[in-house]
Amino acid sequence: MPTYDYQCPDCNYSFELFQSITAKPEKKCPECGKNNVKRLIGIGAGVIFKGGGFYETDYRSESYKKDADADKAASKPVVETAKAVPDASEAKPKPEKKAKKEAK
């Protein structure tokens with residue numbers, strides 16, 4: 001539920017009200033009692049999702065991200081040189097299977 005800012009143009013009293021999005025705007029000023037309160041347009045707030053199902057790393061600091069990238073680079077395995085593959089002429093052919101005799 002958002003917090004809305006209100007101001008009374010008659011007495012210049014400003015206040016905040018925590019209410020549902022579907023709730024009707026407040027009309028009565030709590031200071032002077034007149035029914036002339038106006039809801040102000042606010043700047044809003046950033047939305048932060050907390051709880052299960054969200055990534056913890058989404059809101060990490062820049063220094064944490066840099067350190068994590070450095071750790072990833074340091075932990076990469078060293079690439080081994082490619083082993084020589086034998087030529088087709090050096091490969092041993094597979095022995096042929098003997099044909100089964102058919103029963104008469």
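Where a number appears in this text, it was derived from the coordinates with a stated rule and is not lab data. Remember, predicted model here, so these are calculated numbers, not experimental data. Don't worry about glycine lacking a Cβ; one is built from the backbone with ideal geometry, like all the others, and counts go over all protein chains shown.
Once amide H atoms are placed 1.01 Å from N in the peptide plane, what residues at a sequence separation of 5 or more from D10, or on another chain, have their amide H within under 5 Å of its amide H?
Amide H to amide H, under 5 Å and 5 or more residues apart or across chains, D10 pairs with nothing.
S14: net charge of surrounding residues, Cβ under 14 Å, Lys/Arg +1, Asp/Glu -1, itself excluded?
In short, -3.
If packing is taken as the mean number of other Cβ atoms within 10 Å per residue, what is the order of 23-35, 3-15, 64-76, highest first?
Top to bottom by mean Cβ count within 10 Å: 3-15, 23-35, 64-76.
Between N36 and D5, what is 0.36 nm times their sequence separation minus the Cα-Cα distance? Round to one decimal in nm.
In short, 9.8 nm is gained.
Work through the residues other than D5 whose Cβ is under 12 Å from its Cβ and net out their charges, Lys, Arg +1 and Asp, Glu -1.
Local net charge: 0.
With the calculation restricted to Cα positions, what are the radius of gyration and Dmax of the stretch 1-42 in angstrom?
Gyration radius and largest Cα-Cα distance of the stretch 1-42: 9.8, 28 Å.
Count charges around K34 for me, please; just the other residues with Cβ under 14 Å from its Cβ, Lys/Arg as +1, Asp/Glu as -1.
Here the charged neighbours net out to 0.
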